[in-house]
Every structure is written in structure tokens, then in C-alpha cells.
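Right, one structure below, let's go through it.
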Amino acid sequence: MGVRGGRLEIWLLGILLALGIAQMTLLIGSAAYQTFRWESQIRVAEGQVHALKRQVAVLSKGVTAMQNSAYLRELARCFGFVGAADRILVDPQHASAFRRRICRPLPLLGTAGP
């Protein structure tokens, strides 16, 4: 029974070793997959942060511009408003060109003005 018992122990040890190797392989594979998923999620989040920083910069410029009376005056004229002391003259030959004039206020969030 000594020789036969030794073979059985070696055989069981081999099975346990194979199971241990399989488990370690699965754990390493799972960790690698999680790392890949987290890295892709990090890249997505970093892209969102970058876009939000750009929006904050544009909105900060907008806040600064809205505190500038000359900018507000030009923006109002762009939308067709006139000052109280202004004289309105209409040239019939250029009236249609004035209507087609494109108003370009400060673009917010990457959009063009009306």
C-alpha cells in the first residue's frame, strides 16, 4: 500500500496543482479585464471633463462680455434695437441687405449666433 498510496497522493497533488493554476489564470484574466474596462471608463470621463472645461471657459467669456456695455450695445444693434438718441434712416436699396445681415454674438457652447 505504500507505493500505491504514494501514487494516489501524487495524482491528487497534480489535480490540486492544476486546479490552482486554473484558478490563478482566471483571477489574472478577470483582473486584466477589469483594468481594461476601468481604463476605458477613465478615458470617457476625462473626455467629459475636457468638454466641460471648454464650456466653462466659453461661459466665463460670456459673463465677461455681458458686463461690457459696448458689447451689449453692439449685440442689441445686431438684433435690430436702436439707441434713444439714434436717428433711423432707411435706404430702400440696402434694406434687404440689412435684413440678411448675420448677427454673430459671442458663441456659447460651440454654437453660432442667430
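Every number in this text was worked out from the coordinates using simple rules, so none of it is lab data. Fair warning: this is a prediction, and the values are worked out from it, not measured in the lab. As a convention, Cβ positions derive from the backbone with ideal geometry for all residues, glycine included, and neighbour counts pool all protein chains shown.
Descriptive notes on the structure:
- Within the range 1-88, trypsin sites (Lys or Arg not before Pro) in DSSP loop having at most 16 other beta-carbon neighbours inside 10 Å: Arg87
- Extension gain for the segment Ser30 to Val90, taken as residue separation times 0.36 nm less the Cα-Cα distance, is 14.1 nm to one decimal.
- Approximating the spin labels as points 7 Å out from Cα along Cα→Cβ, the Glu46-to-Ala65 distance works out to 3.1 nm.
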